[in-house]
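Please read the structure below before turning to the comments.
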Amino acid sequence: MIHIVDYGAGNLRSLQNAFEFIGMATRVSDKPGDLASAEKILLPGVGAFAHAMGNLEQQGFVEPLQSSVRAGVPVLGICLGMQLLLTTSDEHGRVEGLDLIHGAVTKLDCAEKIPHMGWNEIEVSSSSRLLKGLPQSGFAYFVHSYVCHPVDGGHVAARFDYVGEFCAAIERENIFGVQFHPEKSQEVGLQILMNFGEM
Amino acid sequence: MLAKRIIPCLDVKDGRVVKGVQFEDLRDAGDPVALARHYVAERADELVFLDITASKEKRPIVYQLVERVAEQVFIPFTIGGGLTSVQEIREILKRGADKVTLNTAAVRNPQLISDGASAFGSQCIVVAVDAKQVAAQRWEIFTHGGSRPTGLDAIAWAQRVERLGAGEIMLTSMDRDGSTAGYDLELTRRVSSSVGIPVIASGGVGEMSHFRDAFSLGQADAALAASVFHFGKFSVAQVKDYLTDHDIHVRR
């Protein structure tokens, strides 16, 4: 069963619907104790990094999340949920994240409109397990103002071009993250959720 | 690079599509979900549903529609029509819609924009700006489907809604709406160049070249259309082929 972590970070309905559409069962977990039985963990997120991290801490999710991941349970962070997997963020001062992948989250630095909102091509790394079976260059739906910078470039699973190259997806062993919204990215997104569900 | 977006708009009354037409793959042209799926298959980038019933008593029908769309449509979609409170916005977003449009209520109570943006994030709040040209280089905001003048200057209002926290502007030319003369490009360009948030051009599309003009001359980020798609004058896919041929970057 895929557990969707419910820590008050916005709407989970679309994610549940997407998994249901591809025939995969999910369960919304608002209790950290539930994670011990999770086969896979999905970490959603919208809003501000500090607020989300604060909620995770307050609800006691930080330690259970980290230990599940250490035990090899696949985890997929979506949008802000991906950013939370990194070491620190600059959003509203320097805030510590889950540090499951070394790196920093910083404000998107480019000459274009921010937030970066809409359909953007992603260039997929051929070695990605999460993104396998996708066209090498497909479109995904983004809404964000901050981006991830993993220390190890090898952890970048996809990039997008928005007057500069940025990280669209990360991957390290059982840890995965996508900056875009697979549940809103039509067949590209559903394929990604299917790949994750089948791990 | 971000793609320019093509957005079909569906007018819905009592849960049924108004002016629905029959496509070959549709069993029920009046079913908003079936029509939505048709447009998604044609690679529409987003969908807008405008509830023209817009009465409080019938709001549950809209909520039900949102649920049904969210179960089957995996691209972003927006709900608009008579929304007046943060609570109504919450009811719509929690059922799986991505954005709401605010129109008359935003003019009457601009704080609804900031309240909505701080509760759900700016990306959820689209402000519908309905403008009519009243003099050379001057457009005024009208409410109630273009019947009621407000005295508000369209450019100044667009800038104000951005400051209040709107994430996007859906800009309709009331002069062009319902015509096939093309978007009001001067209005679209003036608004687009006056704000830092995306602008959706709306009102008046009749030819495929009108989409190209909205992006190239109007500097719009997205273009919305209703009847050309509903009446099958051309499909979303054809528009995207046309735009690609004319060097406009779209998702295909």
Original post:
Would it be correct to say that B:Val134 is of a type in the set (A, V, I, L, M), at pLDDT 95 or above and out of contact with any Ser or Thr (no Cβ under 8 Å at 6 or more places or on another chain)?
Top reply: yes
Original post:
Which of the following residues is open to solvent by 40 Å² or more (accessible area, probe 1.4 Å), farther than 26 Å from B:Gly96 by Cα and over 19 Å from the mean Cα position of the chain (by Cα): B:Ala156, B:Ala181, B:Ala119?
Top reply: B:Ala156
**OP:** Could you grab me the full set of residues in the stretch A:183-199 that are crowded, with 21+ Cβ neighbours inside 10 Å and not in a helix (DSSP H, G or I)?
**Re:** A:Ser185
**OP:** Kindly check whether there is at least one residue in the stretch B:199-222 that is more than 14 Å from chain A (Cβ to nearest Cβ), modelled with pLDDT of 95 or more, open to solvent by 10 Å² or more (accessible area, probe 1.4 Å) and touching a Lys or Arg at 6+ places or on another chain (Cβ under 6 Å).
**Re:** no
Original post:
Within the stretch A:1-58, which strands (runs of 3 or more DSSP E) (wholly inside it) include 3 or more residues that are modelled with pLDDT of 95 or more and among the β-branched types (Val, Ile, Thr)?
Top reply: A:2-5
Original post:
Would you pick out the residues in the stretch B:123-141 that are open to solvent by less than 50 Å² (accessible area, probe 1.4 Å) and within 14 Å of chain A (Cβ to nearest Cβ)?
Top reply: B:Cys124, B:Ile125, B:Val126
Original post:
Restricting the first residue to the stretch A:57-72 and requiring it to be surrounded by 14 or more Cβ atoms within 10 Å (Cβ to Cβ), which pairs with a second residue that is assigned to a helix (DSSP H, G or I) meet a Cβ separation below 6 Å and a spacing of at least six or different chains?
Top reply: A:Phe61/A:Pro32; A:Val62/A:Leu56; A:Pro64/A:Pro32; A:Pro64/A:Leu35; A:Ser68/A:Leu35
**OP:** Identify, from the list B:Thr150, B:Thr104, the residue that is touching a residue at least 12 places away in the same chain (Cβ under 8 Å), surrounded by fewer than 18 Cβ atoms within 10 Å (Cβ to Cβ) and among the β-branched types (Val, Ile, Thr).
**Re:** B:Thr150
Original post:
In the stretch B:142-171, what residues are touching a Pro at 6+ places or on another chain (Cβ under 8 Å), away from every other protein chain (no Cβ under 14 Å) and modelled with pLDDT of 95 or more?
Top reply: B:Arg160, B:Val161, B:Leu164
**OP:** Can you tell me which residue within the stretch B:48-63, out of those that are of a type in the set (Lys, Arg) and surrounded by fewer than 18 Cβ atoms within 10 Å (Cβ to Cβ), is modelled with the highest pLDDT?
**Re:** B:Lys58
Original post:
Which of the residues belonging to the stretch B:159-178 are buried (at least 23 other Cβ atoms within 10 Å of the Cβ) and either part of a loop (DSSP other than H, G, I, E, B) or touching a Phe, Trp or Tyr at 6+ places or on another chain (Cβ under 6 Å) (or both)?
Top reply: B:Ala166, B:Gly167, B:Arg176
Original post:
Which residue, of B:Gln87, B:Gln133, B:Gln72, is closer than 22 Å to A:Phe21 by Cβ and not β-branched (Val, Ile, Thr)?
Top reply: B:Gln72
**OP:** Among what's in the stretch B:82-116 and is under 14 Å from B:Val69 (Cα atoms) and part of a loop (DSSP other than H, G, I, E, B), pick the residue that is nearest to the other protein chains (Cβ to nearest Cβ).
**Re:** B:Gly96
Original post:
What pairs can you find where one residue is in the stretch A:129-158 and within 14 Å of chain B (Cβ to nearest Cβ) and open to solvent by less than 60 Å² (accessible area, probe 1.4 Å), the other is polar (S, T, N, Q) and in a strand (DSSP E or B), and their Cβ atoms are less than 7 Å apart, with a gap of 6+ or different chains?
Top reply: A:Phe139/A:Asn120; A:Ala140/A:Asn120; A:Phe142/A:Asn120; A:Tyr146/A:Ser89; A:Tyr146/A:Thr106
Original post:
All but one of (1) open to solvent by 10 Å² or more (accessible area, probe 1.4 Å); (2) at pLDDT 95 or above hold for A:Val178; which doesn't?
Top reply: (1)
Subject >> Filter result (within 14 Å of chain B (Cβ to nearest Cβ) and either touching a Gly at 6+ places or on another chain (Cβ under 8 Å) or assigned to a strand (DSSP E or B) (or both)) within the stretch A:83-113 >> reply: A:Cys110, A:Lys113
Original post:
Looking only at residues in the stretch B:41-65 that are under 16 Å from the mean Cα position of the chain (by Cα) and closer than 21 Å to B:Arg5 by Cβ, which one is farthest from the other protein chains (Cβ to nearest Cβ)?
Top reply: B:Leu50
Original post:
For the subset of the stretch A:17-27 comprising residues that are open to solvent by 60 Å² or more (accessible area, probe 1.4 Å) and either within 11 Å of chain B (Cβ to nearest Cβ) or touching an Asp or Glu at 6+ places or on another chain (Cβ under 6 Å) (or both), which member is nearest to A:Met1 (Cα to Cα)?
Top reply: A:Glu20
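The values are calculated or read from the model by the stated rules, or taken from the named source; none is laboratory data. Computed from a prediction, not measured in an experiment: that's the story for all the values here. We place every Cβ from the backbone using ideal geometry, glycine too, and count neighbours over all the protein chains shown. These area figures cover heavy atoms from the full protein model, side chains too; ligands, DNA and RNA do not enter into them. Shrake-Rupley method; radii C 1.70, N 1.55, O 1.52, S 1.80 Å.
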